[in-house]
1. What number goes with the only condition from (1) in a strand (DSSP E or B); (2) of a type outside the set (Val, Ile, Thr); (3) touching a Pro at 6+ places or on another chain (Cβ under 9 Å) that Leu172 does not pass?
2. Quick one: what pairs do we get from segment 631-642, first residue at negative phi, second among the small types (Gly, Ala, Ser) and not in a strand (DSSP E or B), C-beta under 7 Å, 6+ apart or different chains?
3. Considering only segment 700-710, I want to know if a residue exists there that is surrounded by fewer than 21 Cβ atoms within 10 Å (Cβ to Cβ), in contact with a Phe, Trp or Tyr (Cβ under 9 Å, 6 or more places away or on another chain), modelled with pLDDT under 90 and not aliphatic (A, V, I, L, M).
4. Let me spell it out: the conditions are (1) modelled with pLDDT of 95 or more; (2) hydrophobic (A, V, I, L, M, F, W, C); (3) not in a strand (DSSP E or B), and Val221 meets all of them except one. Which number is the exception?
5. Restricting attention to segment 1-28, which residues are among the hydrophobic types (A, V, I, L, M, F, W, C) and assigned to a loop (DSSP other than H, G, I, E, B)?
6. Identify, please: which residue in segment 724-745 is in contact with a Phe, Trp or Tyr (Cβ under 6 Å, 6 or more places away or on another chain) and under 17 Å from Ser629 (Cβ atoms) and is, among those, surrounded by the fewest Cβ atoms within 10 Å (Cβ to Cβ)?
7. Counting only residues that are buried (at least 18 other Cβ atoms within 10 Å of the Cβ) and in contact with a Lys or Arg (Cβ under 9 Å, 6 or more places away or on another chain), how many does segment 346-369 have?
8. So which residues in segment 46-60 are more than 21 Å from Tyr210 (Cβ to Cβ), more than 21 Å from the chain's Cα centre (by Cα) and part of a loop (DSSP other than H, G, I, E, B)?
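The values are calculated or read from the model by the stated rules, or taken from the named source; none is laboratory data. Here the structure is a predicted model, which is why all the values come from computation and not from measurement. FYI the Cβ positions are ideal-geometry reconstructions off the backbone, even for glycines, and counts take in every protein chain you see. Surface accessibility is based on the protein's heavy atoms, side chains included, excluding ligands, DNA and RNA. Shrake-Rupley method; radii C 1.70, N 1.55, O 1.52, S 1.80 Å.
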Amino acid sequence: MIDLTGYKLTFDDEFNALSVSATGAGTVWGDTRPGSILRPGVDIGFGQSAFVDPSIGVQPFAVVDGAVQIKAAPATGATADLINPGLWTSGLLQSANSFSQTYGYFEMRADLPGTAGTWPGFWLLAANGVWPPELDIVEAFGADPTLTNTVHTAQTGTNTYQTVYTHEPNLLSGFHTFGALWTPTTITFTFDGFAVGQIATPADMHSAMYPVLALALQRDVAGITNDPKTMQVDYVRAYSLDASAVEVALQTVSSPDGVNTANLYGAVATNSAPAPVPVAPGADTLTIHVSGDSWNGAPTFILSVDGQRVGGLFDVTALHAQGQTQDVTVHGDFGTGPHQVSITYINDANSNPSYDAAHNVVLNDRNLFVSGLELDGTHYGTGAVVSNTASVGWDKLDPNAAVMAANGTVVFQTQAAAGPVVDPTPPVPTPTPTPTPTPTPTPTPPVTPTTPVAAGSDTLTIHISGDSWNGAPAFTLAVDGHQVGGPFDVTALHAQGQSQDITVHGDFGTGSHQVAITYGNDANSNPTYDAVHNVVLNDRNLFVSGIDLDGTHYGTDAVFSNTASAGWDRLDFNAAVMAANGTVVFQTQSAGAPVVDPTPTVPTPTPTPPSTPTTPVASGSDTLTIHISGDSWNGAPAFTLAVDGHQVGGPFDVTALHAQGQSQDITVHGDFGTGPHQVAIAYFNDANSNPSYDAANNVVLNDRNLFVSGIDLDGSHYGTSAVVSNTASIGWDKLDPHAAVMAADGILVFQTSGLV
């Protein structure tokens, strides 16, 4: 459990009532975010939802039995017009105006919805308004029982993040506590009081932050219904170790499920796992032999016997590369056995890791090595390991230890007390110089297609291979939108250079055709990228090197679109990479026509003037001009404009076409003061359909985007070097190195200097 000895309670809302307003002025909570305002009372939100204040006529909050209920519901009628582009209304609570602190323990007790499309979250944002940093204490996605904890940082000069994923079978069942213990050196994430992961505190996360909680909806999720979705929050609390912190009294405790949560401090609730076994003197002695690679901090693990925790967090200071080892010993009454002893590694970290083959070590990486354990005088070596979810293919780093190169658990199986005392440590194997990252299954023929493959005059062959992690990748095949076969299993192993041909017959006609391969069973677990072999370990992927139609070959230059690459094209530049569920489409030519690269061209819409801002642009002594352009797919991109958190104009439509080198200036006037200022551009109507990247022209087709090349404030020009944050680039900066790229809904912030 989290030890809060010496900590003070500094913030508490038990939600016996709700103190909220649109901005948070004079209330505990605000329900919109500064800099994210679409219009008064409406936050642009994220996913497929906007966050609304009851003043617009929709009430997203209710207090029931000592919990606040946040409800998401489809927007209709006049409400739908108000929240454009969000298709759902929902609620957000943030304490920017009432509470923030540096370091401490932050906790929410909540019942998450767990239905398709829901995206509940509890996170911290910087009180100074700069993003990143961001500390995500919990995110959950639909019915997936995966707890997601993320730290966003710009400590390297670019926006990066590190995530801890934890499978929690009870995550979506009843109330649970979600916490983060933030210290100057580490951030430890907890679930029902148990530490589930730890990340080093980044360099830009040492100033005050405030809590935010919300229920959002995701886009285009299978199985989503129009029924309202509800998240219940029992309380939000914060604690501080700072001697100067002001302590608050615990409010009247009221629990919707009857659990006494007074001073719970993340303790186990009635519907969660049992409390850890205290580390106390007992009849049994357990010693774990460990060492580690201490990159940017020591590796940390937790210890369990037969599913029961037997201690807190253990740091490993023995350096594996120097041949050191460390013994960690606990005592308890474990019984006569047999037992399963679990070591769970929780704070994996790395940055551009590289493998040094000469010394058999991964540089810039934090790892854990368990060479064995002793239980009541009996030694168990690696031969007693029954499972290891953390090796991710890096066993070669030490053949005499269970290698833990990613967050996960290694399990040792011991014998009963009356059993023979044996050391099952196997002889040291000779490491294989080049490991096979995935097991080699016995090749089997493709499964029988569920759709009959009829005979016909045309022959279509797909050249394909895969990464078969925990099963073979599978796909279906369609020509011009009509399925002609599948599902097919792919047994050829890409990492071993194998290839498999799958052939179907049919009457497709004489014209040009679109051949679609749809990958449908992507899977992975703690995937890691092995840069030496250019392969992703613990991941199932599909590779399509080309197709043949009636004797004509079409390679990757005939790929019209690929929604499945997920940015992993580098895994094979000679194939269409399918690293996620999606579809790759090949465009063929008419019979007898030459084979050409069918790259489509960007349509040229008729320019229209920018729309009239819905928020009046007031006159004033200051002049602000935004230099902007866009990709107008199915409509023009639109944005709102704010200075120092106050909206000063918008929505504005962007009609200048970026692909044609056009630019558009949008000017507003106001009295902004002497500065410095933060100018925020909020892009809110991103859209696409089967987008594909045209490398020749460096443009994403079938996608709506926004490009900001700079701003002018009172005659002073600020280019991209003045950008302090951009939550909308999502990795597409290469589309224009001379502009801030906004490829998704988000906010771009320029920092100006003082009065010139």
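1. The one condition Leu172 does not meet is (1).
2. Pairs that qualify, where the first residue is at negative phi and the partner is among the small types (Gly, Ala, Ser) and not in a strand (DSSP E or B), are Asp631/Ala659; Trp633/Ala687; Ala642/Gly35.
3. Checking segment 700-710: at least one residue is surrounded by fewer than 21 Cβ atoms within 10 Å (Cβ to Cβ), in contact with a Phe, Trp or Tyr (Cβ under 9 Å, 6 or more places away or on another chain), modelled with pLDDT under 90 and not aliphatic (A, V, I, L, M).
4. With respect to (1) modelled with pLDDT of 95 or more; (2) hydrophobic (A, V, I, L, M, F, W, C); (3) not in a strand (DSSP E or B), Val221 is out only on (1).
5. Here is the first cut: in segment 1-28, the ones among the hydrophobic types (A, V, I, L, M, F, W, C) are 1-2, 4, 9, 11, 15, 17-18, 20, 22, 25, 28.
If the condition is that a residue be among the hydrophobic types (A, V, I, L, M, F, W, C) and assigned to a loop (DSSP other than H, G, I, E, B), then Met1, Ile2, Leu4, Phe15, Ala17, Leu18, Ala22, Ala25, Val28 are the ones that fit.
6. Of everything passing the filter in segment 724-745, Asp736 is surrounded by the fewest Cβ atoms within 10 Å (Cβ to Cβ).
7. 4
8. Answer for segment 46-60, where residues must be more than 21 Å from Tyr210 (Cβ to Cβ), more than 21 Å from the chain's Cα centre (by Cα) and part of a loop (DSSP other than H, G, I, E, B): Gly57, Val58, Gln59.
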